[in-house]
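Computed from the coordinates by the stated procedures, all read-outs in this text should not be read as laboratory data. Since the structure is predicted, the reported quantities are computational estimates derived from the model, not experimental observations. We place every Cβ from the backbone using ideal geometry, glycine too, and count neighbours over all the protein chains shown.
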């Protein structure tokens, strides 16, 4: 029996508007189940959409550069074996209610996924403003992204039902719009539908080339409505420091800059960090005047990672404690264990033991297995440990989920699988999400100590370097050569204090010195 299968983007975690970087098939191609069809690239990794069944590609509905989300139709597959077809899960989202009694429409928060109690950070309109369909009305900010709620139809803004700082969820009434009955034409195709899904701030509005750095423009901390205004006025967001919360660029900042005013300086969320300073522009230098040069573009992952790292470094008050762990006995045991399990194909690295030691230490010091949520500290009852993996396209952080429930050999096996996927650019979003603590190991490269940058919204990260032999004298009389692992623990001073960090490092080092302590 033949049929036509609609191939859609599967569940890709919390990502939306992910660009297509490669279409791997063409109409007429024969594919097997699980053959890759298109390649997407999020800010975290490259991922492929596989074929759900065998068949012949009939029609391709997307092209390179298109931005897609879960449920987007990718292509049609003909002559598929119905018995072999495994439809890709798509989730239908309920539309946000829009009612228009007597020519007045209530605009509500549309489907925003699993987010609840999301704060309003900006109101982009005022009563009496005339708006068109899709104009941004209100900006929300979750812990994942900034999103604008667009107008579902044209009209005149009536009463605004919320204010900045208020927390809203799906279905919350935001404002009223005077619509058709008040003399505003409502397009038939729009009048009966819900507002479009909110657009993530990371998605730039398509527009003609503006002559400024598009990469910087896309990474600027601003909502879609502000981006649209900036493009309209020809303002380079990369040259503005926002006056909003945490340095967010507001509509007023763009308008002021367009009129020739100085870029606003953000009131720092970190005490003393830049408030009131006039920043000099980044130096523009023609390096070719001094000798031969080569211009090499950074990968998209590196550009996005740079923005995340900069945000984390600026917003989190980092402190780093350095210590040493004596792993002489553990290293001997690791070598012995690998000989015993050699036929299994799994090779246990020191990092596998560090993950187990990290879990036990987090259980003793729960404030390190937490995240800040405003004035509250969210203490997590699960232990998902991330490890930094170096790939040709940049640094990614796969996550070992429920590490407290896994043994060292199982962790080593899973690490090997995830590291291989990372090098091949095939990590899925859910394999990089939900981490509660991260370990960044430079052991295979070198170094002694460094300051790892915390991976927000986590509150700490452990950095380790290459182990080395050192002569020590614990009792001050006799000395011996010991195998030493350098430790560098970076922590968020808003959550942790110096004494707690020192105790964390000491406990972590003691566990590595004698893993039997985990049983106590």
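Between residue 517 and residue 26, the distance separating the two model label sites (each 7 Å from Cα on the Cα→Cβ line) works out to 6.3 nm. Taking 0.36 nm per residue of sequence separation and removing the Cα-Cα distance, the residue 290/residue 376 pair yields an extension gain of 25.6 nm. Modelled this way, with points 7 Å down the Cα-to-C-beta line, the labels at residue 319 and residue 298 are 3.0 nm from one another.
Computed extension length for residue 3-residue 66: 20.0 nm, one decimal, from 0.36 nm per residue of separation with the Cα-Cα distance subtracted.
So what is the relative contact order for the range 5-78, in percent, with contacts set as C-alpha pairs under 8 Å and at least six apart?
43 percent
Calculated on the Cα set of the range 316-519, radius of gyration then Dmax: 16.8, 54 Å.
On a full-extension model of 0.36 nm per residue, what is the gain between residue 169 and residue 341, subtracting their alpha-carbon distance, rounded to one decimal in nm?
Gain on stretching residue 169 to residue 341: 56.8 nm.
Under 13 Å from a label point set 7 Å out along the Cα-to-Cβ vector of residue 503, the amide N atoms of the range 351-370 belong to 362-368. Working value for the range 5-78: equivalent-ellipsoid semi-axes of 20, 11, 11 Å, each the square root of 5 times a Cα gyration tensor eigenvalue, largest first.
List the residues of the range 470-484 whose backbone N lies under 16 Å from a point placed 7 Å from the Cα of residue 332 along the Cα-to-Cβ direction. Output list for this probe position: 470, 472, 480-484. Modelled label positions at residue 390 and residue 493, each set 7 Å beyond Cα in the direction of Cβ, lie 3.0 nm from each other.
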